[in-house]
Amino acid sequence: MRVHLKTLGCRLNEAELETWAQQFQADGHRLVDTPGEADLVVLNSCAVTQDAVRKSRHLLRRTARENPAAKLIMSGCYASLKPQEAESLGIDLVVTNADKHRLVEIARERLALPLMPALSTEPGATALFRLGRHRAFIKVQDGCRYRCTYCIVTVARGEERSRPIAEVVEEINRLHAEGIGEAVLTGVHLGGYGSDTGASLGELVEAVLRDTDIPRLRLGSLEPWDIPERFIRLFEHPRLMPHLHLPLQSGSDTVLKRMARRCRTDEFARLADRLRGSVPAINLTTDLIVGFPGETEAEWRETLSFVERVGFGHLHIFSFSPRMGTAAASLAGAVPGDVKRSRSRALHDLAEIQKRRFAESHVGQTLPILWEGVRTLDDGQRWIFGYTPNFLKVGMPLRHEQDSRLSYTLADARLLGWVADGGYLLGELA
């Protein structure tokens, strides 16, 4: 069968999609790039915001309209929180988060999918290259023990569950053997890895660095309270990439208290200072929620001032939307939509300035770039894009045919300048 896979939302959803891609290929099915040419479409949905729910429903309806003959499977947080609603939209099979590790097996049984191992992927091939990436998201943990008042994901994902260290190491070694150059460890509460097994994230990182040869190891989103001093020392290893995504959510302590967050602004600022003092060129990125219930003008100004003071390489900015089933849904003091939009615009403007400033501080340097697939732009020009160790995007036009061989390799590039309308650094081979 021809299978199309689509995801919305977080890196954990991406990791799950990659696993399904490998399993479908192992069963002899072929991955295709568009839903219109597929016999089976699998959607990994998101419910982190009301907008994400709307996009999940819209994607489902559009897929059904474009290819009414295809079988449709939906999984993910929206499907888990609203399974009956998802089924009413014409889904052939809903697989909740509790069973998504068995999605391919369940689909095989419930939808009578053919099993054709003779047509399975040849050794050395990987589904990730079809997705245009040289980076694999490795799901090491699911669920979260904390209950931030705005978060529906902890409800949808359930209790914390960790994969064995040996299993993670084995997966990374297999992907590296297939040509993947970077592994990203991901989880709902990544810093909680091992809470159910007696292990720790630090032990997992040490094992991956010790027992694999993958050139690059990167960490997904980490809560700031999950980073002790001894953990920072792991970045002394050259294969652990100097980039951390630390969700802040607000720069106001009173808002953070209403969010039931476990880190205050002074603690976050001290952590940022320690990281920058210990890890050269580390790129710190973060999440921020605008318009949380009761957010006053003064609290908003505190957030803006804190972001200006600390500085970030990138901001993920969300406007608050109430999610039924969370404590924040019943909080008083809803912020008007026009106020949220105004604050979001101001934060996006600041984020763009800080992103450009951090990127331009690298101009003139020569850095190893992990190059991904070649793209043909609208003007017909062929470009290749990749990432520095600290996750700055670099683009380069391909002027010679042999440059195409850069795909899925590590090669040094000199950074020439910032391309504002593309949001990346221009590079040339060193």
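Could you list which residues have their amide H under 5 Å from that of residue 316, counting only those 5 or more apart in sequence or on another chain, with H placed in the peptide plane?
Distant-sequence amide H within range of residue 316: 286, 287, 288.
Take every DSSP beta bridge with both residues inside the stretch 366-429 and express the antiparallel ones as a percent of the total, to the nearest 5.
90
Using a 10 Å cut-off around each Cβ, can you sort 383, 300, 418 from fewest to most neighbouring Cβ atoms?
Fewest-to-most ranking of 383, 300, 418: 383, 418, 300.
How many nm is it between the label spots at residue 409 and residue 196, if each spot is 7 Å from the Cα in line with the beta carbon?
4.3
What is the order of 343, 54, fewest Cβ neighbours within 10 Å to most?
Final ranking by Cβ density, sparse to dense: 54, 343.
Would you mind getting me the FRET efficiency between residue 33 and residue 324? Use the beta-carbon distance for r and R0 = 35 Å, nearest 0.05.
The formula returns an efficiency of 0.45 here.
So what's the projected area for the chain, the Cα convex hull averaged over all directions, in nm²?
21.1
Post the alpha-carbon centroid distance, the stretch 343-393 to the stretch 155-219, in whole angstrom.
The stretch 343-393 and the stretch 155-219 have Cα centres separated by 27 Å.
Tell me, Kirkwood radius of the stretch 2-119 from alpha-carbon pair distances, in Å?
The Cα-based Kirkwood calculation yields 14.0 Å.
For the stretch 210-225, just list the computed ³J(HN,Hα) in residue order, Karplus coefficients 6.51, -1.76 and 1.60, θ = phi - 60°, integers in Hz, with x standing in for Gly and Pro.
Using θ = phi - 60°, the values come out as 7, 10, 10, 10, 4, x, 9, 10, 10, 9, x, 4, 10, 5, x, 7 Hz.
Can you pull the one-decimal nm distance between simple spin-label points at residue 50 and residue 254, each 7 Å off the Cα toward Cβ?
2.5
Cα extents of the stretch 366-429 along the three principal axes, largest first, in whole Å?
Dimensions of the stretch 366-429 along the principal axes of its Cα atoms: 29, 26, 16 Å.
Quick test of your reading: applying the under-4.7 Å Cβ rule, which cysteines of the chain are isolated?
10, 46, 77, 144, 263
Output ³J(HN,Hα) for the stretch 55-67: one whole-Hz value per residue in order, computed from phi by the Karplus curve 6.51 cos²θ - 1.76 cosθ + 1.60 with θ = phi - 60°, and x for Gly and Pro.
Karplus-based 3J(HN,Hα) across the stretch 55-67 equals 5, 4, 5, 5, 4, 4, 5, 5, 5, 5, 6, 6, 9 Hz.
Counting other C-beta atoms within 10 Å, which of 353, 91 has the fewest, and how do the rest follow?
By the 10 Å Cβ count, ascending, the order reads 353, 91.
Skipping prolines and chain starts, which residues have an amide H placed within reach, meaning under 5 Å, of the one on residue 283, given they are 5 or more residues away or on another chain?
Amide H to amide H, under 5 Å and 5 or more residues apart or across chains, residue 283 pairs with 243, 244.
Find the relative contact order for the chain and round it to a whole percent, using C-alpha pairs within less than 8 Å whose residues are 6+ positions apart.
About 11 percent, as a whole number.
A short reminder: the numbers here are calculations on the coordinates, not readings from a lab. No experiment lies behind these values; they were computed from the predicted model shown. All Cβ positions, even for glycine, are placed from backbone atoms using ideal geometry, and neighbour counts span all protein chains on display.
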